[in-house]
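To keep things clear, I will list the structure first and then write my remarks on it.
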Amino acid sequence: MRIQVNGEDRQVTATTVQGLVEELGFDIRKVAVERNLAIVPKSLHAETTLAEGDRIELVQFVGGG
Amino acid sequence: MNAPFAPPAMTATADTWTVAGRTFSSRLIVGTGKYKDYAQNAAAAEAAGAEIVTVAVRRVNLTDPNQPMLVDYVKPDRFTFLPNTAGCFTGEDAVRTLRLAREAGGWDLVKLEVLSNTAHLYPDMIETLRALDLLIRDGFQVMVYCTDDVVMCRRLEEAGAAAIMPAAAPIGSGLGLQNRVNIRLIVEQATVPVLVDAGVGTPSDATLAMELGCDAVLMNTAIAEAKDPILMASAMKHAVIAGREGYLAGRMAKRMYADPSSPLAGLI
């Protein structure tokens, strides 16, 4: 399906948030996920299904002041 | 004849400070931006003796998931992470950013900064006050980057800020403490910790902030952009300790004229 990840249109095969994080190659312990402006807690990644047109944000901590 | 040996007092209370129920010994908070790499960043944080580091929240790099990550070097089990809202211009942006930070690491102690203008990076204090209220309602403990406006700092405290963090000078400018009168007045009126955040350039700037009675100092560029960041981190550690001890010791009164230190009596 087509979704938006960090502002980019992407075709993905994953059907859940957990599947998406794995498909993109990230360690779930080091990132946080927002789906359509709502936080998806880690405990719900496996059961949260993706829908066509979802807007996903995948963030991490970086250096900052 | 030997004088009786008097052991040093072992019961002296440690000089700590507490913010939002968490107690720290180090009074130097360091940022994690602008370093050559994360390894140098981690070494500087260690050399600074820091217990708290500020961090930013940003999108991951989708094209290279194997890029080095901050948390692999500056480890959250070694330092208290203080997520910031750098780059946010509205209360809603700040809440969204910090909700993601809380999800990423579980921290509710955060640094709020709501910017107004990228030329000077001074905070928009009206929007900062509104964002503070939104964050407190969402369960956050908020340390607030602010201007050195004495009245606005009072308003922040009344609104529930966990700490007041006035800028000494514009972020990243290294110009040093521009208004020591305001910083002193802010310290005197506050019942929550006051930290100088931003604008420190040299160790003496940090010392001055601490001599004025600040509870701690937060800095990033002064260390990261030094020729030798690790050495500067160590210098800043000592500078903060010197300023703190000077504040606790209580400075001498100023006089208008000289007063000799050697006795005038008994001159040959």
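Relative contact order (percent) for the stretch B:56-180, with alpha-carbon contacts under 8 angstrom and 6 or more residues of separation?
RCO, the stretch B:56-180: 19 percent.
Restricting to DSSP loop positions (anything but H, G, I, E, B) with no more than 12 other Cβ atoms inside 10 Å of their own Cβ, which GluC sites (Glu not before Pro) remain in chain A?
Here the sparse-neighbourhood loop sites are A:GLU47, A:GLU52.
Is it possible to state the helix-based mean residue ellipticity at 222 nm for chain B, with each DSSP H run of 4+ residues giving -39500 (n - 2.57), the sum divided by total residues, to the nearest 500 deg cm²/dmol? What is it?
The helix-only estimate for chain B comes to -10500 deg cm²/dmol at 222 nm.
Which percent of the accessible heavy-atom area of the protein assembly as shown goes to carbon and sulfur, probe 1.4 angstrom?
53
With a 1.4 Å probe and all protein chains in place, put B:MET252, B:MET236, A:MET1 in order of accessible area, largest first.
The most accessible residue leads, giving B:MET252, A:MET1, B:MET236.
Any idea of B:LEU267's accessible area? Nearest 10 Å², probe 1.4 Å.
130
Among A:ILE28, A:VAL62, A:LEU50, which residue has its Cα furthest toward the positive end of the charge dipole of chain A, with +1 on Lys/Arg Cβ and -1 on Asp/Glu Cβ?
Most positive-ward Cα: A:VAL62.
Hey, if you put +1 on the Cβ of every Lys and Arg and -1 on every Asp and Glu Cβ in the protein assembly as shown, which of B:ALA94, B:SER262, B:ILE171 ends up farthest toward the positive end of that dipole?
Toward the positive end, the furthest listed residue is B:SER262.
Local charge sum around B:ASN61 (other residues, Cβ-Cβ under 15 Å, Lys/Arg +1, Asp/Glu -1)?
Local net charge: -1.
Taking every Cα atom in the stretch B:71-116, find the radius of gyration and the maximum pairwise distance Dmax, and write them in Å.
My reading of the Cα-based Rg and Dmax gives 11.2, 34 Å.
In a Debye calculation with equal point scatterers on the alpha-carbon sites of chain A and no solvent, what is log10 I(q)/I(0) at q = 0.14, 0.21, 0.24, 0.25 Å⁻¹?
-0.36, -0.80, -1.04, -1.13
Taking +1 at the Cβ of each Lys and Arg and -1 at the Cβ of each Asp and Glu, which of B:TYR122, B:GLY201, B:THR23 sits farthest along the dipole of chain B towards its positive end, judged by Cα position relative to the Cα centre?
Farthest towards the positive pole: B:GLY201.
Charges at C-beta only: +1 for Lys and Arg, -1 for Asp and Glu. How large is the resulting dipole of the stretch B:41-85 about its Cα centre, in Debye rounded to 20?
160
I'd like the antiparallel share, as a percent to the nearest 5, of DSSP beta bridges with both residues in the stretch B:1-160.
If we restrict to bridges inside the stretch B:1-160, about 30 percent are antiparallel.
As an exercise, use a Förster radius of 35 Å and the Cβ-Cβ distance of B:MET256 and B:LEU175 to find the FRET efficiency, rounded to the nearest 0.05.
So, using R0 = 35 Å, E works out to roughly 0.75.
Just how large is the dipole of chain B about the Cα centre, in debye to the nearest 20, putting +1 at every Lys and Arg Cβ and -1 at every Asp and Glu Cβ?
280
If R0 is 41 Å, what FRET efficiency do you get for B:PHE89 and B:GLU188 from their C-beta distance, rounded to 0.05?
Working from the Cβ atoms, E equals 0.85.
What order do B:LYS111, B:LYS75 take when sorted by accessible area (1.4 Å probe), most exposed first?
The ordering from most to least exposed comes out as B:LYS75, B:LYS111.
Quote the accessible area belonging to A:THR16 in square angstrom, nearest 10, computed with a 1.4 Å probe and with ligands, DNA and RNA left uncounted.
Result for A:THR16: roughly 30 Å² accessible.
Would you mind checking which residues have amide H under 5 Å from B:GLY33's amide H? H placed 1.01 Å from N; only 5 or more apart, or other chain.
Hits under the 5 Å cutoff: A:GLY64, A:GLY65.
Cα centroid distance between the stretch A:1-31 and the stretch B:41-105, in Å?
The distance from the Cα centre of the stretch A:1-31 to that of the stretch B:41-105 comes to 21 Å.
Only bridges with both residues in chain B count here: give the DSSP antiparallel percent, nearest 5.
In chain B, DSSP labels about 15 percent of beta bridges as antiparallel.
Determine the alpha carbon to alpha carbon distance for each of B:LYS111/B:LYS227; A:LYS42/B:LYS237; B:LYS34/B:LYS75; B:LYS36/B:LYS75; A:LYS30/B:LYS36; A:LYS42/B:LYS34 and list only those over 26 Å.
Table pairs above 26 Å Cα-Cα are B:LYS111/B:LYS227; A:LYS42/B:LYS237; A:LYS42/B:LYS34.
Tell me, which residues of the stretch B:90-118 get at least 20 Å² less accessible area when the other protein chains come in, versus the chain alone (1.4 Å probe)?
Buried on complex formation: B:ARG96, B:ARG99, B:LEU100, B:GLU103, B:ALA104.
With the cut-off at 1.5 for a/c, could you classify the stretch B:151-268 from its C-alpha gyration tensor as rounded, prolate or oblate?
Note, shape of the stretch B:151-268 comes out oblate.
For chain B, what class follows from the C-alpha gyration tensor (a ≥ b ≥ c being the square roots of its eigenvalues): rounded when a/c is under 1.5, otherwise prolate if a/b is larger than b/c, else oblate?
prolate
What is chain B's relative contact order, in percent, from Cα pairs under 8 angstrom and six or more apart in sequence?
It comes to 17 percent, rounded to a whole number.
The values are calculated or read from the model by the stated rules, or taken from the named source; none is laboratory data. Everything numeric in this text was worked out from a predicted model, so none of it was measured. So basically every Cβ, Gly included, is an ideal-geometry build from the backbone, and we count neighbours across all protein chains shown. The accessibility values were calculated without ligands, DNA or RNA, using every heavy atom of the protein model including side chains. Shrake-Rupley method; radii C 1.70, N 1.55, O 1.52, S 1.80 Å.
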